[in-house]
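Below: the structure, in structure tokens.
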Amino acid sequence: MKLLKFILKRVVVSVIMIFCLVTISFFLVKLIPGSPFTSEKMQAGNKAAIYAYYGLDKPVYEQYFTYMKNLLHGDLGTSYKIRGVTVNEIIRTAFPYSLDLGMRAVAFALTMGLLLGIVAAYQRGKAMDTFTMIVAIIGTSVPSFIMGFFVQYLFAVKLKWFPPAEYTSFAHTVLPTFALGLGMLATIAKYTRTSMLEVISSDYVKTADAKGLSKFRIIVGHQLRNALMPIITLLGPMIASVITGTFVVENVFAIPGLGRHYVTSVQGLDYTLITGLTIFFAAFLVLMNLLVDIVYALIDPRIGLVE
Amino acid sequence: MSEQILKVEHFSVSFDTYAGEVQAVRDVSFALNRGEILSIVGESGSGKSVMTQSLVKLLPAPPARIKSGKVIFDGQDISGYRFKQLRQIKGQKIAYIFQDPMTSLNPTVKIGKQVTEGLLAHASVSRQEARRKAVELLRSAGIPNPDKRMEQYPHELSGGMRQRVMIAIAIAMQPQLLVADEPTTALDVTIQSQILGTIKDLNRSLGMAVILITHDMGVVAGMAQRVMVMYGGRVVESGAVRDIFYHSAHPYTRSLLAAVPRLDADSTAPLEHIVGSPPDMLAPPAGCPFAPRCRYAMEVCRSHMPGRTELGDGHDTYCWLCDSRAGETAQAFLRGERVVHSGTE
Ligand SMILES: Nc1ncnc2c1ncn2[C@@H]1O[C@H](COP(=O)(O)OP(=O)(O)O)[C@@H](O)[C@H]1O
Ligand code: SF4
Ligand SMILES: [Mg+2]
């Protein structure tokens with residue numbers, strides 16, 4: 001019951017958040033100087049016709065209400081730049097690429113990050129610990145697009161181990177996954193290490209040891225369990241960083257995902273596409289955060305939602 | 001069967017830190033009889049916890065390192081035991097209760113599981129049997145509604161209740177030795193005496209020897225048969241409770257006793273009002289660790305470690321004042337103290 005109330009509350013807050021976001025982004029894009037249809041070749045009559053066609057001749061508040069009404073039906077509008085294509089269609093075709101890349105990056109970052117962090121903590125001060133520290137520093141300080149260019153140059157252009165661009169086979173996924181996931185991997189490794197060290201020297205682990213439990217029981221039942229729990233809270237911000245990461249990494253590797261559309265839509269002032277993608281990303285992010293919070297509340301008894 | 005359950009000889013433990021070697025425990029020797037309650041007292045930082053936890057290697061190594069010494073438990077030298085062998089001792093024969101009940105239970109694991117996992121690790125019992133036994137244990141540790149508690153998490157229990165859970169965990173296998181490391185320091189006074197009462201009852205009913213570490217001389221008087229005073233990682237005096245209270249021969253013990261509040265005052269007041277602070281164990285003094293704070297310190301105290309002086313009936317002290325070679329002034333300090341035999345090592 002408590003859990004249901006918690007979820008309901010979070011859902012309501014999420015909906016309000018998304019509503020505010022839609023409103024803000026709708027008006028913000030209008031403030032960007034320039035217009036989507038500024039081209040020397042375009043004649044004045046054409047321009048008026050196009051404006052009328054897209055409803056841009058109406059007052060802004062009216063445009064807003066029309067937009068909101070369509071949004072309630074799940075319609076994000078039509079792109080101004082890619083003729084005759086709706087934002088919904090763009091998302092439908094491009095999002096699977098982004099989702100695939102994002103999930104690969106998260107999976108890579110999670111498994112490797114946890115592994116490195118745990119090993120580093122148990123091998124404190126030894127070679128693996130130093131290695132993890134170096135990875136953490138590189139991963140958190142080098143932005144993903146620089147990492148992208150770097151691995152593309154080294155492993156695709158120079159060494160020719162992997163294809164440099166596109167996204168059609170497993171080999172194509174390796175470099176972008178690495179470039180996108182490394183930052184997260186570093187964050188996870190760093191947090192896991194700290195968290196593990198804290199837990200290893202905690203009183204309750206000493207209690208477990210004093211009971212005469214086996215190493216396995218101590219590590220799995222008391223150390224990992226407690227050390228990894230707070231890592232779940234990192235997943236929210238991590239997913240956010242993956243999403244922003246895809247924008248640039250997809251461009252570097254010419255992957256036909258949503259991120260690339262986002263960049264081109266901003267460059268071309270494609271109002272509906274910018275707003276539509278912003279809403280989509282925001283909703284996705286809010287949903288992910290909601291899921292993470294629920295999962296965390298479910299597994300950590302201290303939050304008090306577990307019966 | 002030997003009368004002694006535990007005998008510790010020349011036990012030294014250090015921590016290897018970036019700043020250098022912290023010599024937390026230095027050359028500690030003592031023995032404990034079956035069923036006896038020995039109290040270890042001394043200001044915080046004197047090495048009580050490190051010493052007792054190192055007996056079964058509970059401290060992560062590194063940084064902890066047992067430098068030397070023998071630990072003879074129930075006739076067996078366990079000082080060379082590795083993790084696997086120590087599992088037969090830990091929880092089964094020697095059990096621990098730690099100072100802070102708020103942190104010594106795992107916050108994410110139900111009480112029930114924390115009690116049963118010890119049972120399942122040692123006895124070949126089914127889960128149901130372990131559960132039934134756990135309920136029983138919680139009850140004998142003085143916990144009301146043990147069935148309900150089994151399903152609760154530590155944060156749902158008060159400090160006193162959590163310490164009782166720790167007691168239940170500790171007595172699960174009917175250990176021969178219970179190490180209670182300041183079990184009531186974190187609790188309020190009424191809960192304190194209840195918990196101590198429970199420990200004393202278990203000591204009697206199970207014949208379980210107890211090492212009771214405490215700050216509180218008042219607790220010592222009510223609980224222990226013998227006392228060991230530690231300072232700067234070393235034993236400075238030990239003996240029967242009566243001898244320590246009425247005939248203490250060591251200036252440090254005397255200041256501890258002088259710092260004991262009167263009956264009418266709050267008995268939880270800390271003992272820290274001995275002028276000065278304990279020595280830095282990174283560079284402990286060459287001579288008597290108490291010398292920098294001792295009113296009676298002599299030249300020899302600063303340069304040479306005092307040896308053991310046996311005062312009879314197992315009353316030993318480590319102070320130059322009691323040394324047979326000490327001058328008249330020193331003897332005067334003892335003011336009619338009975339000095340049966342004096343000698344240095
Ligand atoms: N992990 C550690 N690293 C370095 N020094 C430590 C560590 N744990 C304890 N010590 C030192 O060992 C000494 C004895 O500590 P402890 O046994 O906890 O004292 P007590 O229990 O008597 O209050 C103290 O000087 C303390 O600073
Ligand atoms: S040996 Fe010296 S310094 Fe140490 S307690 Fe005795 S008199 Fe004081
Ligand atoms: Mg202590």
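Hey, does the stretch B:32-48 have a residue that's in a strand (DSSP E or B), among the small types (G, A, S) and more than 16 Å from ligand 1 (Cβ to nearest atom)? Looking through the stretch B:32-48, none of the residues is in a strand (DSSP E or B), among the small types (G, A, S) and more than 16 Å from ligand 1 (Cβ to nearest atom). Just one of (1) within 16 Å of ligand 3 (Cβ to nearest atom); (2) away from chain A (no Cβ under 14 Å); (3) part of a strand (DSSP E or B) fails for B:K67. It is (1). Quick check on this structure: which one of A:A156, A:A165, A:A127 is modelled with pLDDT under 85 and open to solvent by 30 Å² or more (accessible area, probe 1.4 Å)? Result of the check over A:A156, A:A165, A:A127: A:A165. Figure legend. Inter-residue proximity from the stretch B:95-112: first residues without any contact (Cβ under 8 Å) to a residue 12 or more places away in the chain, second residues surrounded by fewer than 18 Cβ atoms within 10 Å (Cβ to Cβ), beta-carbon distance below 8 Å, spacing 6+ or different chains. Indicated pairs: B:T103/A:D203.
Residues considered: B:Q76, B:Q85. Of these, the only one that is within 13 Å of chain A (Cβ to nearest Cβ) and out of contact with any strand residue (DSSP E or B) (no Cβ under 9 Å at 6 or more places or on another chain) is B:Q85. When B:V22 is tested against (1) of a type outside the set (G, A, S); (2) surrounded by 19 or more Cβ atoms within 10 Å (Cβ to Cβ); (3) farther than 15 Å from B:G232 by Cβ, only condition (3) is not met. Here B:V227 passes the criteria (1) within 30 Å of B:A283 (Cβ to Cβ); (2) out of contact with any strand residue (DSSP E or B) (no Cβ under 6 Å at 6 or more places or on another chain); (3) β-branched (V, I, T) except the one numbered (2). Residues in the stretch A:227-234 include at least one that is closer than 25 Å to A:G113 by Cβ and out of contact with any Phe, Trp or Tyr (no Cβ under 9 Å at 6 or more places or on another chain).
The helices (runs of 4 or more DSSP H) located wholly in the stretch A:175-290 that include 1 or more residues which are crowded, with 22+ Cβ neighbours inside 10 Å and among the β-branched types (V, I, T) occupy A:203-210, A:232-252. One residue stands out in the stretch B:134-145 among those that are in a helix (DSSP H, G or I) and away from chain A (no Cβ under 14 Å): the one that is surrounded by the most Cβ atoms within 10 Å (Cβ to Cβ), namely B:L138.
Selection of first residues in the stretch B:23-48 that are more than 21 Å from B:I66 (Cβ to Cβ) and away from every other protein chain (no Cβ under 14 Å) and of second residues that are within 15 Å of ligand 1 (Cβ to nearest atom) and part of a strand (DSSP E or B), restricted to Cβ pairs under 7 Å at least 6 apart or on distinct chains, gives the following pairs, ordered by first then second residue: B:I37/B:L212; B:S39/B:L212; B:S39/B:T214; B:S39/B:V227; B:V41/B:T214; B:V41/B:V227; B:V41/B:V229. For B:K148, the requirement of being within 14 Å of chain A (Cβ to nearest Cβ), farther than 23 Å from A:V205 by Cα and not polar (S, T, N, Q) is met.
Can you name the residue in the stretch B:65-83 that is surrounded by fewer than 16 Cβ atoms within 10 Å (Cβ to Cβ) and more than 28 Å from B:T17 (Cβ to Cβ) and, of all such residues, is farthest from ligand 1 (Cβ to nearest atom)? For the stretch B:65-83, the residue satisfying everything is B:G75. In the set (1) more than 16 Å from ligand 1 (Cβ to nearest atom); (2) under 27 Å from B:L6 (Cα atoms); (3) polar (S, T, N, Q), B:S158 fails one condition alone, (2). Scanning the stretch B:65-100 for residues that are closer than 19 Å to B:V210 by Cβ, touching a Ser or Thr at 6+ places or on another chain (Cβ under 6 Å) and at pLDDT 90 or above yields B:V71, B:F98.
Can you list residue pairs whose Cβ atoms sit under 7 Å apart, with the first residue in the stretch B:53-64 being open to solvent by 60 Å² or more (accessible area, probe 1.4 Å) and the second being away from ligand 3 (no atom under 14 Å from the Cβ) and in a strand (DSSP E or B)? Count only pairs 6 or more apart in sequence or on different chains. Qualifying pairs under 7 Å: B:P62/B:D16. None of B:V50, B:V13 is open to solvent by less than 10 Å² (accessible area, probe 1.4 Å) and either under 30 Å from B:Q192 (Cα atoms) or within 15 Å of ligand 3 (Cβ to nearest atom) (or both) except B:V13. For the stretch B:101-124, taking the residues that are part of a loop (DSSP other than H, G, I, E, B) and open to solvent by 50 Å² or more (accessible area, probe 1.4 Å), the one that is farthest from the other protein chains (Cβ to nearest Cβ) is identified as B:S124.
For the stretch B:134-148, how many residues are among the basic types (K, R) and at pLDDT 90 or above? Residues in the stretch B:134-148 being among the basic types (K, R) and at pLDDT 90 or above: 1 in total. The set of residues in the stretch B:188-233 being of a type in the set (G, A, S) and in contact (Cβ under 8 Å) with a residue 12 or more places away in the chain consists of B:G207, B:A209, B:G218, B:A221, B:G222, B:A224, B:G232, B:G233.
The values are calculated or read from the model by the stated rules, or taken from the named source; none is laboratory data. Computed from a prediction, not measured in an experiment: that's the story for all the values here. Because the Cβ atoms are built from the backbone with ideal geometry, glycine has one as well, and the counts that use them run over all protein chains shown. The protein model used for the area step is the full one, side chains on, heavy atoms only, and it has no ligands, DNA or RNA in it. Shrake-Rupley method; radii C 1.70, N 1.55, O 1.52, S 1.80 Å.
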